[in-house]
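To keep things clear, I will list the structure first and then write my remarks on it.
The values are calculated or read from the model by the stated rules, or taken from the named source; none is laboratory data. None of these values were measured; they are calculated from a predicted model. Don't worry about glycine lacking a Cβ; one is built from the backbone with ideal geometry, like all the others, and counts go over all protein chains shown. Ligands, DNA and RNA are excluded from the accessible area calculation, which covers all protein heavy atoms including side chains. Shrake-Rupley method; radii C 1.70, N 1.55, O 1.52, S 1.80 Å.
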Amino acid sequence: MSPSKVTFLGTGTSQGIPMIACNCSVCTSTDERDKRLRVSIQVEIGGKSFIIDTGPDFRQQVLRAGVKRVDAILYTHEHKDHTAGMDDVRGFNYHQQSTIPLYARAQVIEQLKREFAYAFGENKYPGVPEIDVYEIDGQPFTVQGIDIQPIFVKHYYLDVLGFRFGDFAYVTDANFIAPEEQDKLRNLDVLVINALRKTTHISHFTLAEALDLIAELKPKQAYITHISHQMGLHAEVQKELPSNVSLAYDGLVLTL
């Protein structure tokens with residue numbers, strides 16, 4: 001089963017755009033597409049609402065997008081720009097009167113337990129996040145009837161998970177994908193892939209590297225995310241891209 005709708009809650013890198021104290025042309029742009037919160041998406045599929053990553057802007061993002069329900073949260077990895085907003089699931093606990101299931105690798109779960117210890121204790125203070133935690137690895141798994149295929153990618157030396165739902169796949173924070181993992185990204189309608197900037201980076205694809213990978217995998221449509229201010233102005237960079245590739249931007253909605 002493929003998603004019916006994907007909403008880009010955030011498309012920026014770890015510092016977001018505008019970046020603190022920066023006066024570059026991107027950070028001072030008046031184009032709303034150049035204003036990027038930390039990277040996250042909502043995937044609506046089979047009547048369920050899944051969030052991938054809860055960065056420090058999570059509360060602002062779900063309010064802005066009008067997200068009214070979360071049935072599960074999937075984590076790509078443990079970096080703060082992907083996990084720091086987990087506490088804000090409390091609003092969904094209250095309105096749904098239910099716990100929120102989190103799916104992550106063991107190392108991510110351990111990080112969450114350190115950073116949000118109050119949510120994991122035996123005698124929890126009233127009002128803390130109510131969560132159920134499920135460990136995943138590279139094997140396909142099912143969440144409330146929805147089949148999900150993880151994809152292992154490398155973020156420098158760190159293992160990160162991408163996720164495939166039917167003919168849609170999402171990969172962020174990567175600069176290497178092994179051939180056997182690339183095979184899990186073929187025959188897609190939509191691929192979302194990270195590209196930080198045009199110049200080389202130690203742990204993220206450049207725009208050229210992402211475009212080469214897209215050309216190899218041949219999705220019908222591709223979107224670039226996890227973008228820094230060093231990429232350039234949205235309007236200018238978009239003109240340079242192939243017809244089947246677009247820069248994602250905050251608030252972009254794909255109806256699939």
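Assess whether TYR125 counts as being open to solvent by 10 Å² or more (accessible area, probe 1.4 Å) and at pLDDT below 95.
Yes; evaluated as a whole, the condition is true for this residue.
Considering only the stretch 142-167, state which residues are out of contact with any Ser or Thr (no Cβ under 8 Å at 6 or more places or on another chain) and either hydroxyl-bearing (Ser, Thr, Tyr) or open to solvent by 30 Å² or more (accessible area, probe 1.4 Å) (or both).
Within the stretch 142-167, THR142, GLN144, GLY145, ASP147, GLN149, PHE152, LYS154, TYR157, ASP159, ARG164 meet the criteria.
In the stretch 9-57, what residues are small (Gly, Ala, Ser) and either open to solvent by less than 20 Å² (accessible area, probe 1.4 Å) or in contact with a helix residue (DSSP H, G or I) (Cβ under 6 Å, 6 or more places away or on another chain) (or both)?
Keep residues of the stretch 9-57 that are small (Gly, Ala, Ser), which gives 10, 12, 14, 16, 21, 25, 29, 40, 46-47, 49, 55.
Selection gives GLY10, GLY12, SER14, GLY16, SER29, SER40, SER49, GLY55.
Just one of the numbered conditions (1) touching a Phe, Trp or Tyr at 6+ places or on another chain (Cβ under 7 Å); (2) within 21 Å of LEU9 (Cβ to Cβ); (3) not aromatic (Phe, Trp, Tyr) is not true of GLU181; which one?
Unmet for GLU181, out of (1) touching a Phe, Trp or Tyr at 6+ places or on another chain (Cβ under 7 Å); (2) within 21 Å of LEU9 (Cβ to Cβ); (3) not aromatic (Phe, Trp, Tyr): (2).
Basic (Lys, Arg) and in contact with a helix residue (DSSP H, G or I) (Cβ under 7 Å, 6 or more places away or on another chain): which single residue out of LYS198, LYS218, LYS184 fits that description? First the steps, then the outcome.
Working: LYS218 fails: in contact with a helix residue (DSSP H, G or I) (Cβ under 7 Å, 6 or more places away or on another chain); LYS184 fails: in contact with a helix residue (DSSP H, G or I) (Cβ under 7 Å, 6 or more places away or on another chain).
After applying the criteria, what remains is LYS198.
Name the residues in the stretch 63-77 that are open to solvent by 30 Å² or more (accessible area, probe 1.4 Å) and under 26 Å from ARG105 (Cα atoms), would you?
Within the stretch 63-77, ARG69 is the sole residue that qualifies.
List the pairs whose first member sits in the stretch 115-129 and is under 15 Å from VAL89 (Cα atoms), whose second member is surrounded by 12 or more Cβ atoms within 10 Å (Cβ to Cβ) and basic (Lys, Arg), and whose Cβ atoms are under 7 Å apart, counting only residues at least 6 apart or on separate chains?
TYR118/LYS124; PHE120/LYS113; GLY127/ARG90; PRO129/ARG90
For the stretch 168-199, which positions are crowded, with 20+ Cβ neighbours inside 10 Å, on the phi > 0 side of the Ramachandran plot and more than 15 Å from the chain's Cα centre (by Cα)?
The answer is none; no residue qualifies.
Identify, please: which residue in the stretch 1-18 is modelled with pLDDT of 95 or more and of a type in the set (S, T, N, Q) and is, among those, farthest from GLY145 (Cα to Cα)?
By that ranking, first place goes to GLN15.
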